[in-house]
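**Q** What follows is a structure written as C-alpha coordinates; I'll ask about it next.
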Amino acid sequence: MQLSDLKNLKIAIVGAGYGGAAAAKALSLLGADVNVYEQANRIREVGAGIGLRPATMNRFRQWGIFDAIAKVSSPSEYFEILTATGDPIMKETWPADGEQTHTHLIHRGDFIDALLSVLPEGMVHLGHKLETVQDKGDGSVLTFAGGKTVEADLVVGADGIKSVVRRQLFSDKGPVFSGEHAYRAVISVDDAHGMVVDDNLRMYIGRGTKIYLLPLRHRGQVSFDITALCPDATWNPQVTKDDMLKTVDGFDERLVSITRGLDMDAVNIRAVYDIDPVDTWHSDSVVLVGDAAHSMLHHQGQGANSAIEDAGALADALREADSVKEGLALYQATRKPVTDELQRISRQGWSEDEIDEVFPGQKPAAAAPKE
Ligand SMILES: Cc1cc2nc3c(=O)[nH]c(=O)nc-3n(C[C@H](O)[C@H](O)[C@H](O)COP(=O)(O)OP(=O)(O)OC[C@H]3O[C@@H](n4cnc5c(N)ncnc54)[C@H](O)[C@@H]3O)c2cc1C
(Lines give C-alpha, C1' and ligand atoms only; values in the text may rest on other atoms or scores of the structure.)
Protein backbone atom coordinates (compact mmCIF):
# COMPACT_ATOMS: atom_id res chain seq x y z
CA MET A 1 0.00 0.00 0.00
CA GLN A 2 1.10 3.57 -0.64
CA LEU A 3 2.57 5.44 2.29
CA SER A 4 -0.19 8.04 2.03
CA ASP A 5 -2.90 5.33 2.25
CA LEU A 6 -1.21 3.74 5.25
CA LYS A 7 -1.00 7.14 6.98
CA ASN A 8 -4.76 7.58 6.56
CA LEU A 9 -5.51 4.11 7.93
CA LYS A 10 -7.28 4.17 11.29
CA ILE A 11 -6.44 0.96 13.14
CA ALA A 12 -8.04 -0.24 16.39
CA ILE A 13 -6.27 -3.10 18.17
CA VAL A 14 -8.22 -5.04 20.81
CA GLY A 15 -5.95 -6.37 23.57
CA ALA A 16 -2.58 -5.17 24.89
CA GLY A 17 -0.87 -8.53 25.37
CA TYR A 18 2.21 -9.50 23.40
CA GLY A 19 0.27 -9.77 20.12
CA GLY A 20 -1.54 -6.44 20.51
CA ALA A 21 1.52 -4.53 21.72
CA ALA A 22 3.70 -5.94 18.93
CA ALA A 23 1.05 -5.20 16.30
CA ALA A 24 0.82 -1.65 17.63
CA LYS A 25 4.57 -1.22 17.23
CA ALA A 26 4.76 -2.76 13.76
CA LEU A 27 1.69 -0.97 12.38
CA SER A 28 2.58 2.42 13.83
CA LEU A 29 6.00 2.12 12.15
CA LEU A 30 4.07 2.00 8.84
CA GLY A 31 2.71 5.43 9.74
CA ALA A 32 -0.86 4.26 10.47
CA ASP A 33 -3.06 5.88 13.13
CA VAL A 34 -3.07 3.15 15.79
CA ASN A 35 -5.00 2.85 19.06
CA VAL A 36 -5.00 -0.15 21.42
CA TYR A 37 -7.99 -0.98 23.64
CA GLU A 38 -7.30 -3.20 26.66
CA GLN A 39 -9.91 -4.45 29.11
CA ALA A 40 -7.61 -4.46 32.15
CA ASN A 41 -7.07 -1.32 34.22
CA ARG A 42 -3.48 -2.36 34.82
CA ILE A 43 -1.33 -4.64 32.67
CA ARG A 44 0.04 -7.55 34.66
CA GLU A 45 1.67 -10.75 33.50
CA VAL A 46 2.12 -14.13 35.11
CA GLY A 47 5.36 -14.65 37.08
CA ALA A 48 7.11 -16.99 34.66
CA GLY A 49 9.77 -16.96 31.99
CA ILE A 50 9.65 -17.56 28.24
CA GLY A 51 12.22 -17.92 25.48
CA LEU A 52 12.20 -15.38 22.65
CA ARG A 53 13.41 -17.17 19.52
CA PRO A 54 15.93 -15.72 17.04
CA ALA A 55 13.19 -14.85 14.52
CA THR A 56 11.36 -12.91 17.23
CA MET A 57 14.53 -11.09 18.30
CA ASN A 58 15.22 -10.28 14.64
CA ARG A 59 11.81 -8.64 14.39
CA PHE A 60 12.71 -6.50 17.39
CA ARG A 61 15.94 -5.53 15.67
CA GLN A 62 13.94 -4.54 12.56
CA TRP A 63 11.59 -2.41 14.69
CA GLY A 64 14.51 -0.72 16.49
CA ILE A 65 13.62 -2.17 19.90
CA PHE A 66 16.18 -4.98 20.20
CA ASP A 67 18.10 -3.21 22.96
CA ALA A 68 14.95 -2.55 25.02
CA ILE A 69 14.27 -6.31 25.06
CA ALA A 70 17.90 -7.46 25.33
CA LYS A 71 18.39 -5.25 28.40
CA VAL A 72 15.83 -7.30 30.38
CA SER A 73 16.68 -10.77 29.08
CA SER A 74 19.60 -13.22 28.89
CA PRO A 75 20.87 -14.96 25.76
CA SER A 76 20.78 -18.75 25.82
CA GLU A 77 22.72 -21.31 23.77
CA TYR A 78 20.45 -24.33 23.81
CA PHE A 79 17.35 -26.16 25.05
CA GLU A 80 17.92 -29.57 26.57
CA ILE A 81 15.45 -32.38 27.32
CA LEU A 82 16.33 -34.83 30.10
CA THR A 83 14.67 -37.71 31.87
CA ALA A 84 13.10 -37.19 35.27
CA THR A 85 16.37 -38.20 36.87
CA GLY A 86 18.58 -36.07 34.64
CA ASP A 87 19.81 -38.34 31.86
CA PRO A 88 20.07 -36.35 28.61
CA ILE A 89 17.60 -37.20 25.84
CA MET A 90 18.27 -34.48 23.28
CA LYS A 91 19.62 -30.98 22.88
CA GLU A 92 18.46 -28.29 20.44
CA THR A 93 21.12 -25.67 19.86
CA TRP A 94 20.01 -22.03 19.62
CA PRO A 95 20.43 -20.20 17.33
CA ALA A 96 19.77 -22.54 14.46
CA ASP A 97 22.61 -22.84 11.93
CA GLY A 98 23.34 -19.68 10.03
CA GLU A 99 21.43 -17.33 12.35
CA GLN A 100 23.33 -14.70 14.28
CA THR A 101 20.76 -13.89 16.91
CA HIS A 102 20.38 -15.87 20.11
CA THR A 103 17.22 -16.97 21.85
CA HIS A 104 16.70 -14.64 24.83
CA LEU A 105 15.13 -15.79 28.09
CA ILE A 106 12.85 -13.20 29.66
CA HIS A 107 10.38 -12.77 32.53
CA ARG A 108 6.86 -12.38 31.13
CA GLY A 109 6.27 -9.20 33.16
CA ASP A 110 9.50 -7.58 31.93
CA PHE A 111 8.58 -8.56 28.38
CA ILE A 112 5.18 -6.87 28.31
CA ASP A 113 6.57 -3.81 30.15
CA ALA A 114 9.37 -3.49 27.58
CA LEU A 115 6.98 -3.87 24.64
CA LEU A 116 4.53 -1.31 25.99
CA SER A 117 7.34 1.11 26.86
CA VAL A 118 8.29 1.48 23.19
CA LEU A 119 4.78 2.56 22.14
CA PRO A 120 3.97 6.26 21.80
CA GLU A 121 2.36 7.84 24.85
CA GLY A 122 -1.44 7.65 24.77
CA MET A 123 -1.67 4.81 22.24
CA VAL A 124 -2.91 2.24 24.78
CA HIS A 125 -6.33 2.81 26.37
CA LEU A 126 -6.82 0.74 29.51
CA GLY A 127 -10.22 -0.14 31.00
CA HIS A 128 -11.79 -0.77 27.57
CA LYS A 129 -13.54 -4.14 27.53
CA LEU A 130 -14.81 -4.93 24.05
CA GLU A 131 -18.40 -6.17 24.04
CA THR A 132 -19.34 -6.18 20.37
CA VAL A 133 -17.70 -5.79 16.99
CA GLN A 134 -19.80 -4.89 13.96
CA ASP A 135 -18.11 -5.57 10.65
CA LYS A 136 -19.45 -3.12 8.05
CA GLY A 137 -17.32 -4.29 5.14
CA ASP A 138 -14.90 -1.40 4.64
CA GLY A 139 -14.71 -0.60 8.35
CA SER A 140 -15.99 -1.70 11.76
CA VAL A 141 -17.55 -0.37 14.92
CA LEU A 142 -16.35 -1.51 18.32
CA THR A 143 -18.58 -1.13 21.36
CA PHE A 144 -17.02 -1.28 24.81
CA ALA A 145 -18.53 -1.96 28.24
CA GLY A 146 -20.09 1.31 29.36
CA GLY A 147 -21.27 2.10 25.83
CA LYS A 148 -18.29 3.90 24.25
CA THR A 149 -17.97 3.20 20.52
CA VAL A 150 -14.93 3.44 18.23
CA GLU A 151 -14.89 3.27 14.42
CA ALA A 152 -11.86 1.96 12.55
CA ASP A 153 -10.83 1.09 8.99
CA LEU A 154 -9.03 -1.98 10.33
CA VAL A 155 -9.67 -3.88 13.58
CA VAL A 156 -6.97 -6.22 14.89
CA GLY A 157 -8.35 -8.81 17.31
CA ALA A 158 -5.45 -9.51 19.68
CA ASP A 159 -7.75 -10.44 22.53
CA GLY A 160 -6.35 -13.84 23.41
CA ILE A 161 -7.66 -17.38 23.68
CA LYS A 162 -11.23 -16.33 24.60
CA SER A 163 -11.28 -13.63 21.88
CA VAL A 164 -14.58 -11.76 21.53
CA VAL A 165 -13.57 -10.74 17.99
CA ARG A 166 -13.02 -14.36 16.96
CA ARG A 167 -16.20 -15.64 18.56
CA GLN A 168 -18.41 -12.90 17.11
CA LEU A 169 -17.04 -12.92 13.55
CA PHE A 170 -15.04 -16.05 12.75
CA SER A 171 -15.70 -19.09 14.95
CA ASP A 172 -17.96 -19.79 17.89
CA LYS A 173 -15.96 -22.85 18.94
CA GLY A 174 -14.61 -22.53 22.47
CA PRO A 175 -11.17 -23.39 23.90
CA VAL A 176 -10.20 -27.06 24.20
CA PHE A 177 -8.87 -28.50 27.49
CA SER A 178 -5.56 -30.37 27.14
CA GLY A 179 -5.92 -32.55 30.24
CA GLU A 180 -2.99 -30.71 31.83
CA HIS A 181 -2.29 -28.11 34.50
CA ALA A 182 0.57 -25.61 34.51
CA TYR A 183 2.12 -24.56 37.82
CA ARG A 184 4.53 -21.63 37.36
CA ALA A 185 6.75 -19.65 39.70
CA VAL A 186 9.87 -17.50 39.56
CA ILE A 187 12.33 -18.28 42.35
CA SER A 188 15.81 -17.15 43.37
CA VAL A 189 18.68 -19.15 41.87
CA ASP A 190 19.76 -19.64 45.50
CA ASP A 191 16.59 -21.69 46.09
CA ALA A 192 17.21 -23.94 43.08
CA HIS A 193 19.36 -26.51 44.91
CA GLY A 194 22.23 -26.16 42.43
CA MET A 195 20.09 -27.09 39.43
CA VAL A 196 20.91 -23.88 37.53
CA VAL A 197 24.39 -24.40 36.11
CA ASP A 198 24.30 -22.08 33.08
CA ASP A 199 21.92 -19.90 31.01
CA ASN A 200 20.15 -22.71 29.17
CA LEU A 201 16.57 -23.96 29.28
CA ARG A 202 16.11 -27.51 30.50
CA MET A 203 13.03 -29.70 30.54
CA TYR A 204 12.81 -32.89 32.63
CA ILE A 205 10.11 -35.38 31.63
CA GLY A 206 8.63 -38.42 33.28
CA ARG A 207 5.23 -40.07 33.79
CA GLY A 208 3.34 -37.33 31.97
CA THR A 209 4.94 -34.51 34.00
CA LYS A 210 7.32 -31.94 32.53
CA ILE A 211 9.46 -29.64 34.66
CA TYR A 212 11.00 -26.62 32.97
CA LEU A 213 13.94 -24.71 34.47
CA LEU A 214 14.36 -21.45 32.58
CA PRO A 215 17.22 -19.31 33.97
CA LEU A 216 16.74 -15.54 34.19
CA ARG A 217 20.38 -14.73 34.89
CA HIS A 218 19.93 -10.95 34.67
CA ARG A 219 17.50 -11.22 37.63
CA GLY A 220 19.40 -13.88 39.60
CA GLN A 221 16.26 -16.01 39.25
CA VAL A 222 14.92 -19.06 37.51
CA SER A 223 11.45 -19.76 36.19
CA PHE A 224 10.34 -23.12 37.60
CA ASP A 225 7.36 -24.53 35.71
CA ILE A 226 5.60 -27.83 36.12
CA THR A 227 3.16 -29.13 33.53
CA ALA A 228 1.25 -32.13 34.87
CA LEU A 229 -1.60 -34.34 33.74
CA CYS A 230 -4.86 -33.58 35.55
CA PRO A 231 -8.49 -34.15 34.55
CA ASP A 232 -9.79 -31.03 36.38
CA ALA A 233 -10.69 -28.57 33.61
CA THR A 234 -11.42 -25.61 35.93
CA TRP A 235 -9.53 -22.60 34.46
CA ASN A 236 -8.05 -21.62 37.82
CA PRO A 237 -8.07 -24.89 39.78
CA GLN A 238 -7.43 -25.30 43.49
CA VAL A 239 -4.17 -27.22 43.88
CA THR A 240 -2.24 -27.85 47.09
CA LYS A 241 1.48 -28.32 47.69
CA ASP A 242 0.81 -32.03 48.28
CA ASP A 243 -0.94 -32.28 44.89
CA MET A 244 2.09 -30.70 43.25
CA LEU A 245 4.51 -32.96 45.10
CA LYS A 246 2.63 -36.00 43.78
CA THR A 247 3.18 -34.80 40.20
CA VAL A 248 6.98 -34.64 40.69
CA ASP A 249 7.30 -37.94 42.56
CA GLY A 250 10.27 -39.88 41.15
CA PHE A 251 12.03 -36.80 39.75
CA ASP A 252 15.58 -35.79 40.74
CA GLU A 253 15.43 -35.17 44.50
CA ARG A 254 16.59 -31.57 43.97
CA LEU A 255 13.56 -30.87 41.74
CA VAL A 256 11.34 -32.35 44.45
CA SER A 257 13.06 -30.10 47.02
CA ILE A 258 12.46 -27.00 44.87
CA THR A 259 8.78 -27.94 44.66
CA ARG A 260 8.62 -28.50 48.42
CA GLY A 261 10.14 -25.06 49.02
CA LEU A 262 7.71 -23.10 46.78
CA ASP A 263 5.65 -20.28 48.27
CA MET A 264 2.18 -21.36 47.09
CA ASP A 265 0.98 -17.73 47.10
CA ALA A 266 3.53 -17.01 44.37
CA VAL A 267 2.65 -20.02 42.21
CA ASN A 268 0.42 -19.37 39.19
CA ILE A 269 -1.90 -22.32 38.71
CA ARG A 270 -4.03 -22.82 35.64
CA ALA A 271 -5.56 -25.49 33.46
CA VAL A 272 -4.04 -25.59 29.99
CA TYR A 273 -6.21 -24.91 26.94
CA ASP A 274 -5.74 -24.27 23.25
CA ILE A 275 -8.15 -23.86 20.33
CA ASP A 276 -8.76 -25.90 17.19
CA PRO A 277 -7.40 -24.23 14.03
CA VAL A 278 -9.75 -21.47 12.80
CA ASP A 279 -10.50 -21.62 9.05
CA THR A 280 -10.56 -17.87 8.43
CA TRP A 281 -8.74 -15.19 10.41
CA HIS A 282 -9.99 -12.14 8.55
CA SER A 283 -12.78 -10.32 6.73
CA ASP A 284 -12.08 -7.25 4.56
CA SER A 285 -11.45 -5.03 7.57
CA VAL A 286 -11.03 -7.24 10.67
CA VAL A 287 -8.15 -9.61 11.39
CA LEU A 288 -6.98 -11.88 14.22
CA VAL A 289 -3.44 -12.17 15.61
CA GLY A 290 -1.79 -14.20 18.37
CA ASP A 291 -3.81 -16.50 20.61
CA ALA A 292 -7.07 -15.05 19.24
CA ALA A 293 -6.15 -16.64 15.88
CA HIS A 294 -4.28 -19.77 16.91
CA SER A 295 -3.88 -20.36 20.65
CA MET A 296 -1.59 -23.39 20.98
CA LEU A 297 -0.34 -25.52 23.85
CA HIS A 298 2.97 -24.34 25.32
CA HIS A 299 4.93 -27.55 24.66
CA GLN A 300 6.92 -25.95 21.83
CA GLY A 301 7.21 -22.56 23.57
CA GLN A 302 5.87 -20.83 20.46
CA GLY A 303 2.64 -19.02 21.40
CA ALA A 304 4.08 -15.62 22.30
CA ASN A 305 6.74 -15.97 19.62
CA SER A 306 4.02 -16.60 17.05
CA ALA A 307 2.09 -13.53 18.21
CA ILE A 308 5.17 -11.37 17.53
CA GLU A 309 5.72 -12.98 14.14
CA ASP A 310 2.04 -12.38 13.28
CA ALA A 311 2.48 -8.68 14.02
CA GLY A 312 5.52 -8.47 11.75
CA ALA A 313 3.86 -10.45 8.96
CA LEU A 314 0.70 -8.34 9.14
CA ALA A 315 2.69 -5.12 8.73
CA ASP A 316 4.73 -6.64 5.87
CA ALA A 317 1.57 -7.81 4.09
CA LEU A 318 -0.16 -4.42 4.33
CA ARG A 319 2.92 -2.73 2.92
CA GLU A 320 3.24 -5.21 0.06
CA ALA A 321 -0.44 -5.43 -0.95
CA ASP A 322 -2.50 -2.90 -2.90
CA SER A 323 -5.34 -2.74 -0.37
CA VAL A 324 -6.23 -3.71 3.20
CA LYS A 325 -8.37 -6.55 1.86
CA GLU A 326 -5.47 -8.01 -0.13
CA GLY A 327 -3.05 -7.42 2.73
CA LEU A 328 -5.18 -9.42 5.17
CA ALA A 329 -5.43 -12.32 2.73
CA LEU A 330 -1.66 -12.26 2.20
CA TYR A 331 -1.07 -12.18 5.97
CA GLN A 332 -3.25 -15.25 6.53
CA ALA A 333 -1.63 -17.09 3.60
CA THR A 334 1.81 -16.42 5.11
CA ARG A 335 1.14 -17.23 8.74
CA LYS A 336 -1.67 -19.79 8.94
CA PRO A 337 0.22 -22.79 7.50
CA VAL A 338 2.99 -22.15 10.06
CA THR A 339 0.70 -21.84 13.07
CA ASP A 340 -1.56 -24.73 11.97
CA GLU A 341 1.53 -26.93 12.15
CA LEU A 342 2.64 -25.49 15.49
CA GLN A 343 -0.85 -26.07 16.92
CA ARG A 344 -0.65 -29.65 15.70
CA ILE A 345 2.76 -30.53 17.08
CA SER A 346 2.15 -28.64 20.31
CA ARG A 347 -0.79 -30.93 21.00
CA GLN A 348 1.53 -33.90 20.91
CA GLY A 349 3.37 -33.01 24.11
CA TRP A 350 6.69 -34.68 24.71
CA SER A 351 6.67 -38.48 24.86
CA GLU A 352 9.73 -40.27 23.47
CA ASP A 353 8.05 -40.88 20.10
CA GLU A 354 6.96 -37.28 19.93
CA ILE A 355 10.49 -36.05 20.58
CA ASP A 356 11.55 -38.24 17.68
CA GLU A 357 8.95 -36.61 15.43
CA VAL A 358 9.95 -33.07 16.34
CA PHE A 359 13.70 -33.73 16.34
CA PRO A 360 14.06 -36.72 14.00
CA GLY A 361 17.14 -38.85 14.53
CA GLN A 362 18.47 -36.73 17.39
CA LYS A 363 17.46 -38.95 20.27
CA PRO A 364 20.51 -40.95 21.34
CA ALA A 365 19.33 -44.54 21.82
CA ALA A 366 21.57 -45.03 24.83
CA ALA A 367 19.98 -42.11 26.63
CA ALA A 368 16.33 -43.14 26.33
CA PRO A 369 14.34 -41.99 29.34
CA LYS A 370 13.99 -44.34 32.31
CA GLU A 371 10.30 -44.06 33.03
C1 LIG B 1 1.57 -22.38 30.80
C2 LIG B 1 1.93 -21.59 29.59
C3 LIG B 1 3.25 -21.48 29.20
C4 LIG B 1 3.59 -20.78 28.06
N5 LIG B 1 4.89 -20.70 27.67
C6 LIG B 1 5.22 -20.07 26.53
C7 LIG B 1 6.58 -20.01 26.10
O8 LIG B 1 7.48 -20.52 26.74
N9 LIG B 1 6.85 -19.37 24.93
C10 LIG B 1 5.88 -18.78 24.18
O11 LIG B 1 6.19 -18.21 23.11
N12 LIG B 1 4.57 -18.81 24.56
C13 LIG B 1 4.23 -19.44 25.71
N14 LIG B 1 2.94 -19.48 26.11
C15 LIG B 1 1.90 -18.90 25.24
C16 LIG B 1 1.77 -17.40 25.40
O17 LIG B 1 1.57 -17.06 26.76
C18 LIG B 1 0.61 -16.87 24.57
O19 LIG B 1 0.66 -17.43 23.29
C20 LIG B 1 0.67 -15.37 24.48
O21 LIG B 1 0.52 -14.79 25.75
C22 LIG B 1 -0.40 -14.87 23.54
O23 LIG B 1 -0.36 -13.46 23.49
P24 LIG B 1 -1.61 -12.68 22.95
O25 LIG B 1 -1.25 -11.24 23.02
O26 LIG B 1 -2.08 -13.23 21.66
O27 LIG B 1 -2.77 -13.02 24.00
P28 LIG B 1 -2.87 -12.65 25.54
O29 LIG B 1 -1.54 -12.65 26.17
O30 LIG B 1 -3.93 -13.51 26.11
O31 LIG B 1 -3.37 -11.14 25.54
C32 LIG B 1 -4.71 -10.81 25.22
C33 LIG B 1 -5.01 -9.43 25.79
O34 LIG B 1 -6.32 -9.05 25.36
C35 LIG B 1 -7.04 -8.54 26.47
N36 LIG B 1 -8.46 -8.78 26.22
C37 LIG B 1 -9.11 -9.98 26.22
N38 LIG B 1 -10.41 -9.81 25.97
C39 LIG B 1 -10.60 -8.47 25.80
C40 LIG B 1 -11.74 -7.68 25.52
N41 LIG B 1 -12.96 -8.22 25.38
N42 LIG B 1 -11.58 -6.32 25.39
C43 LIG B 1 -10.34 -5.76 25.53
N44 LIG B 1 -9.22 -6.47 25.85
C45 LIG B 1 -9.36 -7.82 25.95
C46 LIG B 1 -6.49 -9.34 27.66
O47 LIG B 1 -6.75 -8.68 28.89
C48 LIG B 1 -5.00 -9.43 27.32
O49 LIG B 1 -4.30 -8.32 27.79
C50 LIG B 1 2.58 -20.16 27.28
C51 LIG B 1 1.24 -20.23 27.68
C52 LIG B 1 0.92 -20.93 28.82
C53 LIG B 1 -0.52 -21.02 29.24
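**Q** Given a cut-off of under 8 Å on Cα pairs at least six residues apart, what relative contact order in percent is computed for the stretch 102-234? Working shown, then result.
**A** Working: 166 pairs, mean separation 24.6, N = 133.
Value for the stretch 102-234: 19 percent.
**Q** Kindly work out what percent of the DSSP beta bridges joining two residues of the chain are antiparallel, to the nearest 5. If you can, show how the numbers build up before the last one.
**A** Values: 50 of 69 bridges.
Of the beta bridges lying entirely in the chain, close to 70 percent run antiparallel.
**Q** Using Cα atoms only, what is the angle between the long axis of helix 303-320 and the major principal axis of the chain, expressed in degrees (0 to 90) to the nearest 10?
**A** 30 degrees
**Q** Only Cα pairs within less than 10 Å get springs; with that Gaussian network setup on the chain, which residue of Arg347, Arg42, Arg166 has the largest fluctuation?
**A** Per the Cα network of the chain with a 10 Å cutoff, Arg42 tops the list.
**Q** Additional query: Given the DSSP H assignment, sum -39500 (n - 2.57) over each helix run of at least 4 residues in the chain and divide by its residue total; what's the result at 222 nm in deg cm²/dmol, nearest 500?
**A** Details: 12 runs with 114 residues, N = 371.
The per-residue figure over the chain is -9000 deg cm²/dmol.
**Q** Go ahead and set up a Gaussian network model of the chain, Cα springs under 10 Å, then flag whichever of Asp225, Asp340, Asp242 fluctuates most.
**A** Asp242
**Q** With all protein chains present, how much of the accessible area of the stretch 179-282 (probe radius 1.4 Å) comes from carbon and sulfur, to the nearest whole percent? Don't jump to the answer; show the numbers that get you there.
**A** On the way: 2110 of 4490 Å².
About 47 percent, which is the carbon plus sulfur part of the accessible surface.
**Q** Another question about this same structure. Relative to the longest principal Cα axis of the chain, at what angle does helix 18-29 sit, 0 to 90 degrees, rounded to 10?
**A** On a 0 to 90 degree scale, this one is about 40.
**Q** Calculate, in nm to one decimal, what Trp235 and Arg270 gain on full extension: separation in residues at 0.36 nm each, minus their alpha carbon distance.
**A** Details: separation 35, 0.36 × 35 = 12.60 nm, distance 0.56 nm.
Answer, rounded to one decimal: 12.0 nm.
**Q** Between Gln2 and Asp172, what length in nm is gained on full extension when 0.36 nm per residue of separation is reduced by their alpha carbon distance?
**A** 57.7 nm
**Q** OK, next. Roughly what would the spin-label model give for Gln134 and Glu326, points 7 Å off Cα along C-beta, in nm?
**A** Here the modelled spin labels are 3.1 nm apart.
**Q** Top mean-square fluctuation among Glu253, Glu121, Glu38, Gaussian network model of the chain, C-alpha springs under 10 Å?
**A** Result for the chain, Cα springs under 10 Å: Glu121 fluctuates most.
**Q** Which lysines does Lys336 reach when only Cα atoms under 22 Å apart count, and residues fewer than 8 places away in its own chain are ignored?
**A** Lys25, Lys162, Lys173, Lys325
**Q** Rounded to the nearest 10 Å², what accessible area does His282 have for a 1.4 Å probe in the complete protein model?
**A** We get 40 Å² for His282.
**Q** Roughly how big is the stretch 120-269's charge dipole about its Cα centre, with Cβ charges of +1 (Lys, Arg) and -1 (Asp, Glu), in debye to the nearest 20? Don't skip to the end; give the middle numbers.
**A** Details: 17 positive and 22 negative charges, 45 e Å.
About 220 debye.
**Q** Same structure, new question: With every protein chain present, what is the per residue accessible area of the chain (1.4 Å probe, Å²)? Don't skip to the end; give the middle numbers.
**A** Values: 15710 Å² over 371 residues.
Per residue, the chain has 42 Å² of solvent-accessible surface.
**Q** Of Thr227, Pro337, Phe144, which is farthest on the positive side of the dipole of the chain, counting Cα position, with +1 on Lys and Arg Cβ, -1 on Asp and Glu Cβ, and the Cα centre as origin?
**A** Comparing the listed Cα positions along the dipole, Phe144 ranks first.
**Q** About the Cα centre of the chain, how large is the charge dipole given +1 on each Lys and Arg Cβ and -1 on each Asp and Glu Cβ? Please answer in debye to the nearest 20. If you can, show how the numbers build up before the last one.
**A** Numbers: 37 positive and 54 negative charges, 134 e Å.
Charge dipole, the chain, about its Cα centre: 640 debye, nearest 20.
**Q** Work out the charge dipole of the stretch 79-151 with +1 on the Cβ of Lys and Arg and -1 on the Cβ of Asp and Glu about the Cα centre, then indicate which of His128, Ser117, His107 is farthest towards its positive end.
**A** His128
The values are calculated or read from the model by the stated rules, or taken from the named source; none is laboratory data. If you're wondering where the values come from, they're calculated on a predicted model, not measured in any experiment. Note that we place each Cβ from the backbone using ideal geometry, even for glycine, and neighbour counts take in every protein chain shown. Just the protein is used for accessible areas: all its heavy atoms, side chains included, with ligands, DNA and RNA removed. Shrake-Rupley method; radii C 1.70, N 1.55, O 1.52, S 1.80 Å.
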